[in-house]
Amino acid sequence: MLEVEGLSKRFGGLLANNDISFEVGEGTILGVIGPNGAGKSTLFDLITGFQPPDAGEVRFAGRRLRGLRPDQINRLGIGRTFQKLKPFTDMTVEENVMVGAMQHTPRPGQARKLALEALDFVGLLEKRKHHGQALSTGQRKRLELARAMATRPRLLLMDEVTGGVDQRSLPGLIALVERLKGEGMTLVIIEHNMQVLMSLADDILALHLGRKIAQGPPEAIQRNQQVIESYLGGAYA
């Protein structure tokens, strides 16, 4: 479903992504790991059109994405959540998700229907009349997911699913990701919690200093010496 070939991006003297290539099969979960500054979020920016690549190509279901705007890429079927949660604080939860639904329909009634379906899926339906700033971090994560789901993606990129979430909220978020996979969604997930990725991912891509250093099943990545040295650490190994 997703093909990334030779993707590179430089910011001044910093090579944030350096010749990265990988593929994601339909209905699978790819986990993306790496230390801070490895280029993970930049990779998402390049795939979704928020930054133009300096080199390389991205193809979604065979279609070349280079040169398309983020909204155009979204309408093709790629959704995204963000590491930094920024709901529209002057809007209700329902209205926040309607903004995402408006990508597919100009009709408020239909957008509201899509929004309520997404909120029901993530368990926020009873909070639909609350404002974004009234939600906890875990609830804002769910709102971010609902807003992305309302755009009707076939491929969903999720940036730090469990980041900043307390332990009580963790099982519910993991269950949501499992439900998405169960319904056939293709997922690419940036995540620092290796236990979470071990239980969810079919394949893991490891980045370090902008480069791809390994890719493979979770068990193989855990044993990869370069991944251990650059990210996991001896204690984890």
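The values are calculated or read from the model by the stated rules, or taken from the named source; none is laboratory data. Just so it is clear, the model here is predicted, and its values are computed rather than measured. As a convention, Cβ positions derive from the backbone with ideal geometry for all residues, glycine included, and neighbour counts pool all protein chains shown.
Out of everything in the range 198-237 that is at pLDDT 90 or above and part of a loop (DSSP other than H, G, I, E, B), what residue ends up being surrounded by the fewest Cβ atoms within 10 Å (Cβ to Cβ)?
For the range 198-237, the residue satisfying everything is 217.
What single numbered condition from (1) surrounded by fewer than 21 Cβ atoms within 10 Å (Cβ to Cβ); (2) under 23 Å from residue 179 (Cα atoms); (3) in contact with a Pro (Cβ under 8 Å, 6 or more places away or on another chain) fails to hold for residue 26?
Going through (1) surrounded by fewer than 21 Cβ atoms within 10 Å (Cβ to Cβ); (2) under 23 Å from residue 179 (Cα atoms); (3) in contact with a Pro (Cβ under 8 Å, 6 or more places away or on another chain) one by one, residue 26 breaks only (3).
For the range 164-172, check the following and say yes or no: at least one residue is modelled with pLDDT of 90 or more and surrounded by 15 or more Cβ atoms within 10 Å (Cβ to Cβ).
no
Just one of the numbered conditions (1) in contact with a helix residue (DSSP H, G or I) (Cβ under 6 Å, 6 or more places away or on another chain); (2) surrounded by fewer than 18 Cβ atoms within 10 Å (Cβ to Cβ); (3) charged (D, E, K, R) is not true of residue 147; which one?
(2)
Is it true that some residue in the range 74-84 is small (Gly, Ala, Ser) and either more than 19 Å from residue 115 (Cα to Cα) or more than 15 Å from the chain's Cα centre (by Cα) (or both)?
no
Within the set of pairs 6+ apart or on separate chains, which have a first residue in the range 206-222 that is among the small types (Gly, Ala, Ser), a second that is part of a helix (DSSP H, G or I), and C-beta atoms under 7 Å apart?
The qualifying pairs are 206/221; 206/227; 206/231; 214/221; 214/226; 214/227.
In the set 109, 100, which member is in contact with a helix residue (DSSP H, G or I) (Cβ under 6 Å, 6 or more places away or on another chain) and either surrounded by fewer than 17 Cβ atoms within 10 Å (Cβ to Cβ) or of a type outside the set (A, V, I, L, M) (or both)?
100
Every residue, every condition in (1) among the basic types (Lys, Arg); (2) touching a helix residue (DSSP H, G or I) at 6+ places or on another chain (Cβ under 7 Å), yes or no:
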position: 7; (1), (2): no, yes
position: 49; (1), (2): no, yes
position: 55; (1), (2): no, no
position: 58; (1), (2): no, yes
position: 64; (1), (2): yes, no
position: 72; (1), (2): no, no
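If the Cβ limit is 9 Å and pairs must be 6+ apart or interchain, which residue in the range 22-46 that is closer than 17 Å to residue 156 by Cα pairs with which residue that is outside any helix (DSSP H, G or I) and among the hydroxyl-bearing types (Ser, Thr, Tyr)?
What qualifies is 24/186; 25/186; 26/186; 27/186; 28/186; 29/186; 30/186; 46/8.
Quick one: count up the residues across the range 47-73 that are outside any loop (DSSP other than H, G, I, E, B), touching a residue at least 60 places away in the same chain (Cβ under 8 Å) and more than 14 Å from the chain's Cα centre (by Cα). So that I can check it myself, show each step before the final result.
Narrowing the range 47-73 to residues outside any loop (DSSP other than H, G, I, E, B): 47-48, 55-60, 63-64, 70-73.
Next cut, touching a residue at least 60 places away in the same chain (Cβ under 8 Å) only: 47-48, 60.
In the following step, the residues that additionally are more than 14 Å from the chain's Cα centre (by Cα) were identified as 60.
Summing the residues that are outside any loop (DSSP other than H, G, I, E, B), touching a residue at least 60 places away in the same chain (Cβ under 8 Å) and more than 14 Å from the chain's Cα centre (by Cα) in the range 47-73 gives 1.
Output the number of residues of the range 140-188 satisfying the condition of being outside any helix (DSSP H, G or I), among the aliphatic types (A, V, I, L, M) and over 26 Å from residue 207 (Cα atoms). Can you show your working first?
Keep residues of the range 140-188 that are outside any helix (DSSP H, G or I), which gives 150-169, 183-188.
From what's left, among the aliphatic types (A, V, I, L, M): 150, 155-158, 161, 165, 185, 187-188.
Subset that is over 26 Å from residue 207 (Cα atoms): 150.
Selection size over the range 140-188: 1.
Just to be sure, is residue 116 touching a helix residue (DSSP H, G or I) at 6+ places or on another chain (Cβ under 8 Å), at pLDDT 95 or above and surrounded by fewer than 20 Cβ atoms within 10 Å (Cβ to Cβ)?
Details: touching a helix residue (DSSP H, G or I) at 6+ places or on another chain (Cβ under 8 Å): yes; at pLDDT 95 or above: yes; surrounded by fewer than 20 Cβ atoms within 10 Å (Cβ to Cβ): yes.
Considered against the rule, which asks whether it is touching a helix residue (DSSP H, G or I) at 6+ places or on another chain (Cβ under 8 Å), at pLDDT 95 or above and surrounded by fewer than 20 Cβ atoms within 10 Å (Cβ to Cβ), residue 116 comes out as yes.
Which of the numbered conditions does residue 142 fail, given that it passes all the others? Conditions: (1) in contact (Cβ under 8 Å) with a residue 40 or more places away in the chain; (2) buried (at least 22 other Cβ atoms within 10 Å of the Cβ).
Only one criterion is unmet by residue 142, namely (1).
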